[in-house]
Amino acid sequence: MNLRLLDLLLTLFHLLVIGFNLFGWIWRPTRKLHLICILVTALCWFGLGIWYGIGYCPMTDYQWHIKELRGEQNLPNSFIKYMVDAIFGSNINATLIDVLTGLGFFLAALLSVYVNFFRKIDASFSTK
């Protein structure tokens, strides 16, 4: 497969996973899958992170390999930092990005646990 196309497909998939991790808890039909996705992400970040560094993402690792084959250099540790820098056209502080990423993840994880085990919320956010 063409490396440019593979890089584009990985970027799209990566963005879908991030979006799903942040918002998949909202819709009743996706709540269980969201909880699984959050758990897999946590296992990568903190389980594999024991060996590769906290926050390790195999998808980012693979995508960085593709980007390096395409000639990109000096890639950040975080896909989210890479995308934020690309969108805003500047070098945003990596620690700030990591903190915001962690906060978003932990909030989504807490909300997922809440809606899956403690309280059922419909997609319109009203309680039932």
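According to a simple spin-label model (label point 7 Å from Cα along Cα-to-Cβ), what is the distance in nm between F88 and L16?
For L16 paired with F88, the spin-label model returns 2.8 nm.
If r is the Cβ-Cβ distance from L75 to Y114 and R0 is 35 Å, what FRET efficiency results, to the nearest 0.05?
Values: r = 35 Å, r/R0 = 1.01.
The calculated FRET efficiency here is 0.50.
What FRET efficiency do you get for H65 and L8 if R0 is 22 Å and r is their Cβ-Cβ distance, rounded to the nearest 0.05?
Working: r = 15 Å, r/R0 = 0.69.
It comes out at approximately 0.90.
May I ask you to evaluate 6.51 cos²θ - 1.76 cosθ + 1.60, the Karplus curve with θ = phi - 60°, for each residue of segment 82-88 and list the ³J(HN,Hα) values in order in whole Hz, giving x for glycine and proline?
Whole-Hz 3J(HN,Hα) from phi for segment 82-88: 4, 5, 4, 4, 5, 5, 8.
So what's segment 3-118 giving for Rg/Rh, alpha carbon basis, Kirkwood Rh from the mean inverse pair distance? Write down the numbers at each step before the final one.
Details: Rg = 14.9 Å, Rh = 15.1 Å.
Value, to two decimals: 0.99.
Each value in this text was obtained by applying a stated rule to the coordinates, not by laboratory testing. Here the structure is a predicted model, which is why all the values come from computation and not from measurement. Note: ideal-geometry Cβ built from the backbone for every residue, glycine included; neighbour counts use all protein chains shown.
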